[in-house]
Every structure is written in C-alpha cells, then in structure tokens.
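This report refers to the structure that appears directly beneath it.
What follows draws every value from the coordinates through simple rules; no lab data is involved. The structure presented is a predicted model; accordingly, all values stated were derived computationally and were not measured. With ideal geometry, Cβ positions are generated from the backbone for all residues, glycine too; neighbour counts draw on all protein chains shown.
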C-alpha cells in the first residue's frame, strides 16, 4: 500500500462519515470471519483497525509497510502487500481493508492472496464504491474532494469480482452499505439514514462501501498415467447353436 494514501485513509476514518462507513464495514466483516476456523489468519494493512478480533484462530498477524508505526499490536509483520513473506498455501483467512485502492498494483496483490491462501481458504475485501453518491460527488469538477482516494483509483465491486473469477475464486457473499449522501455532521447522517432502508426496496444507486467474501477453489486432481484393468464379466454369454438342416431333406 502507498504510505501517503494509507495515512490519508487513516485520517479520514476519524471523520464523521469515515467512522460511519468504518462501523458498517466492521459489522459486516465480523459476521463473515466469526465462524472461520484454521491455523493462520492475516490482515493486510491498517493495523489500527483490528478486523480479526471476532475470529477465534490462534495465530493472527497484521502486515504494515512501514516501520514508523505508533501502535502496539501483537503479530505485526513489516512487508508490502505485493510481496507477502508467507509460504504458499499456508493461510486460512485473509482480510484486506481498502488495500486494492491504496496500491498501484492491485493485480499483484490478488495474485499474492491466491498464492498464500490454502485451498478453500477465505479472503474478505472491504473498499469504497465509485458508483455511489459519495464517489459520484467526487467526480464533479469544481467540488472539493472529501474522500481519501481519488475516484479513478477505486476498484468497484463488479471489477473485483471479475478479477477474483479469473483467479478461480468463488464470491460467496457481497454486501453494500451507506447509501446516504456525503454528510459531515452526525445530525445529517441520522436524517438521511432512511435511505439505507430504501436500498432494501430496490434503491437504484449503490452503497458507498462494500464487503466481498471469496473462497479459493482448486479444481479436482486428475490422475494421469494409470492403466485401469478391465474387470472381466462374471458370466459369459453362451454361443447359440444354429440348427442345420440336412441338405438331402
């Protein structure tokens, strides 16, 4: 993750709309990782935001791409998400909050996720949606941008699902939330809260944030080079004797 974008994102999460979006994503992630079991779980980036707290896996780690971290957290690993220092097929659960939109190489991050995860391992992604009221507002020329990432750097939910499908992942759950306009005060956030209820009735626009769960699938192994013996039939068909007529008759 780019350090400058990460710092901007961390600062934005302490604003009123940032805390609101963060709380929604945290509830969604907790529901997805709570019953996930295994031996190793890893969160990529944002060590101040513990998204593995609801999970019961014993060995938990969190990566950070800089040594200048003012947070004390068990299991911190200094590395970049494009080059994870973990063995192939060694991780059962990975959580990636805002990782793809903060990197210049999101495809490489996904390839690392596919390499590190075990077969049937789970990856959970959380990100900003460019096709929401928040994203569309930042695209209007002349208006000041309030989001920490430029809209051109967003990775939409549809694009993420396409990339995961190419890497043989199955998207098992995908949820969107925060349908209200961008508000910088709690009072206006509460006033626009009814839009989240309208979304359940077919609201045409998308939510400002999304959470996607994907499972790594591995095709069944095909045995090559084995010669299977043909099982002989238990009963042999008897030859039918054809009656011959005497030529003199």
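Rounded if a/c is under 1.5, else prolate if a/b is larger than b/c, else oblate: which is the range 3-216, with a ≥ b ≥ c the root eigenvalues of its Cα gyration tensor?
Verdict is prolate for the range 3-216.
Looking only at the range 3-216, where both bridge partners belong to it, what percent of the DSSP beta bridges are antiparallel (to the nearest 5)? Can you show the working numbers first?
On the way: 16 of 34 bridges.
Antiparallel bridges: around 45 percent, rounded to the nearest 5.
Tell me, how many Å apart are the Cα centres for the range 4-70 and for the range 116-183?
Between the Cα centres of the range 4-70 and the range 116-183 lies a distance of 16 Å.
Quote to one decimal, in nm, the extra length available between residue 165 and residue 115 on full extension: 0.36 nm per residue of separation minus the C-alpha distance between them. Numbers along the way, then the final one.
Values: separation 50, 0.36 × 50 = 18.00 nm, distance 1.47 nm.
Full-extension gain reported as 16.5 nm.
Let me check the size of the range 1-123 from its C-alpha atoms; what are the radius of gyration and Dmax in Å?
That works out to 13.8, 40 Å for Rg and Dmax.
Label-point separation (nm) for residue 186 and residue 31, each offset 7 Å from Cα along Cα-to-Cβ?
2.4
Hey, rough spin-label estimate for residue 19 and residue 79, points 7 angstrom out along Cα→Cβ, what's it come to in nanometres?
Between residue 19 and residue 79, the simple spin-label model gives 3.5 nm.
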